Amino acid sequence: MPDRRPHFFGEEQQVDLENLEAVIVDFVRRCSSKANLVLIGFEVAAEWTYLFTHFPRVIPFFSAWVDLRDIAKDISSSVGVIPGLQSLLQLFGYHWKDIKSTQHRKENTNCGNADNAAADAVATCALADALLLPENQEKLRFRQECGQIARIFTKKKGWQAPDIRHPFIATVRAGGPLPSTLDSGMKLARRFFNFSPLSTGVMSTDVAYLTFRYQDQMNQFVTDLHGVALPTGEILSVQGNFQGHKAAEIEDREREGKQKLREKNRLEKTEEGIEDLGNLFS
């Protein structure tokens, strides 16, 4: 059997599968016979399908429903991919031990983690409450903007060269392996957000990078950070690089490719027109 989270909320009872819907209906009816119930969840598409398939008699008890993931998307203006329920709660200050499931039993490493409906319900309500706070809304927007800069929504994890479409690149070194505060694109984006980088990332264990739209932005970053001592003792070495010729070459290739595609489409349309008129003079 899989491990379960410690049971803190609600009540447990043993139910046969054939009687499950009746028990669920009875539970919902006992919650309140007069109030209008609202169904709250996080990414509830699967839950709706399950309810309609297995518990259709429960649906009429709810006067409305709320998907907290949609609210999070609205808060962040749909920037990037919204984190999961547990990640959002951690972002808003909940300790990971309070929201993570228990560890697998040592004697059985193949077992999974079972859902605890009561714990999930409390976590969902906690997120609904947290999303109401303006400071948490600002945290979410900041996290999503940094995620866009770090390209966490569009790239695989690990080392990656900077996008050469961005002509102004600053490399960051620390005289050895990058410190833990600078060893990922997301950490770089958060730390140097006010310098307005286009993207951030790590090229190797020793080298991080930031790209900029304008040379003045890159120069300012180099001026402010080169030679700065971190609290952990490392001295930053920051260098600016210009690779505008590479970006121009890519733009030229893309422009040439688009021209060829347009010419191909034009020829295909012309040939189709000729075929349509083929029997006109026969």
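Bear in mind that the values in this text are calculations on the coordinates, not laboratory data. Since the model is a prediction, treat every value here as computed from it, not as a measurement.
Over all Cα atoms in the stretch 127-224, the spread is summed up by Rg and Dmax: 14.5, 45 Å.
Scattering from the stretch 25-92 was approximated by placing one identical point on each alpha carbon and applying the Debye formula without solvent; log10 I(q)/I(0) at 0.19 1/Å stands at -0.85. The amide H of Gly201, built 1.01 Å from its N in the peptide plane, has Tyr209 as neighbours under 5 Å, considering only residues 5 or more places off or on other chains. Annotation: amide H-H contacts under 5 Å for Ile40 (H modelled 1.01 Å from N, sequence separation of 5 or more, or interchain): Val66. Phi angles of the stretch 145-152 translate, via the Karplus equation with coefficients 6.51, -1.76, 1.60 and θ = phi - 60°, into HN-Hα couplings of 5, 5, x, 5, 5, 7, 6, 6 Hz per residue; Gly and Pro are given as x.
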